[in-house]
Amino acid sequence: MGIIRKALNLYARMSPTRGKIKPPYRHVTQIGDPRLRKICDEVPLNKIKTPEIQKVIDQLVLVLNRYGSVGMSAPQVGINERIFVMRHTAQQINREPVEVINNRGMYEVPLSIYVNPKLKIVDYQKVIHTESCESVRAFSGDVPRYKEVEITGYNKDGEPVSQIYRGWPARIAQHEMDHLDGKLYIDIMDRRTFQCVCWEEVNISNGKIAIPFTPE
Ligand SMILES: [Zn+2]
């Protein structure tokens, strides 16, 4: 670890804001944070519309936007409640090569908010694709997931909702559901495929690159 990085990390530990930043965060918690390993609590249905829960939902959407992600779960903003959000925009999808879009079965998903979601497997066939997670930042690995699932739960207004997802959105939904039970993709990945996504840049730059924990 370089002297500058050491100094910055020391600064973070001694920062006047230390202990004052309370969840829900506007950054994403990283592996090692015990909250990523807890089984999250159900949200009492009469609490969904309270300012506390609405704040968690709003913060999940904010962080989802900030990181340009396709899914975000409450433990990733430091809250152990059963809430996740997902969305895949046309803009995000169109950044991928056509083969990737077809091969992974990507399609547009509008912003969807799930409180107390339950997952039902619709198609038990499993497909393997490379997956990553903002809480295991800068790494990826190959993960088998069911081809088609149904998510039922409650939306932001506490109304019952349900949706069937296949292909890539089914993967997103399974990934986010796992977060609510303290599971990460690294638990079920093919370990030999685990990689640092910038390993080539590490060589090109003589090792002088940093992994930021925020998108900015
Ligand atoms: Zn994740």
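Working only within region 159-202, note down all residues that are in a loop (DSSP other than H, G, I, E, B), away from the ligand (no atom under 16 Å from the Cβ) and open to solvent by 30 Å² or more (accessible area, probe 1.4 Å).
GLU159
Considering only residues that are touching a residue at least 40 places away in the same chain (Cβ under 8 Å) and either assigned to a strand (DSSP E or B) or open to solvent by 40 Å² or more (accessible area, probe 1.4 Å) (or both), which ones fall in region 86-112?
MET86, HIS88, ARG104, TYR107, VAL109, LEU111, SER112
Considering only residues of region 124-139 that are among the hydroxyl-bearing types (Ser, Thr, Tyr), closer than 23 Å to TYR67 by Cα and outside any loop (DSSP other than H, G, I, E, B), which is most open to solvent (accessible area, probe 1.4 Å)?
THR130
Go through region 23-50 and give me each residue that's free of Cβ contacts under 8 Å to residues at least 40 places away in the same chain and assigned to a loop (DSSP other than H, G, I, E, B).
Matches in region 23-50: GLY32, PRO44, THR50.
Does ILE121 fit the bill of being more than 15 Å from the ligand (Cβ to nearest atom), within 24 Å of THR29 (Cβ to Cβ) and open to solvent by less than 60 Å² (accessible area, probe 1.4 Å)?
No.
Select from region 96-109 the residues that are over 16 Å from the mean Cα position of the chain (by Cα) and not charged (D, E, K, R) and list them in ascending order. Show your work before the answer.
First, the residues of region 96-109 that are over 16 Å from the mean Cα position of the chain (by Cα): 96-108.
Of everything in region 96-109, those that are over 16 Å from the mean Cα position of the chain (by Cα) and not charged (D, E, K, R) turn out to be PRO97, VAL98, VAL100, ILE101, ASN102, ASN103, GLY105, MET106, TYR107.
Whether any residue in region 1-20 is away from the ligand (no atom under 16 Å from the Cβ), small (Gly, Ala, Ser) and surrounded by 13 or more Cβ atoms within 10 Å (Cβ to Cβ) is what I want to check.
The answer is no, given that none of the residues of region 1-20 is away from the ligand (no atom under 16 Å from the Cβ), small (Gly, Ala, Ser) and surrounded by 13 or more Cβ atoms within 10 Å (Cβ to Cβ).
Here are GLN59, GLN76: which of them is outside any loop (DSSP other than H, G, I, E, B) and either out of contact with any Ser or Thr (no Cβ under 7 Å at 6 or more places or on another chain) or over 25 Å from ALA138 (Cα atoms) (or both)?
Step by step, each of GLN59, GLN76 is checked, and only GLN59 is outside any loop (DSSP other than H, G, I, E, B) and either out of contact with any Ser or Thr (no Cβ under 7 Å at 6 or more places or on another chain) or over 25 Å from ALA138 (Cα atoms) (or both).
The values are calculated or read from the model by the stated rules, or taken from the named source; none is laboratory data. Quick caveat, the model's predicted, so the values are computed rather than measured. Cβ coordinates were reconstructed from backbone atoms using ideal geometry, including for glycine residues, and neighbour counts include every protein chain displayed. Surface areas here come from the heavy atoms of the whole protein model, side chains and all, with no ligands, DNA or RNA. Shrake-Rupley method; radii C 1.70, N 1.55, O 1.52, S 1.80 Å.
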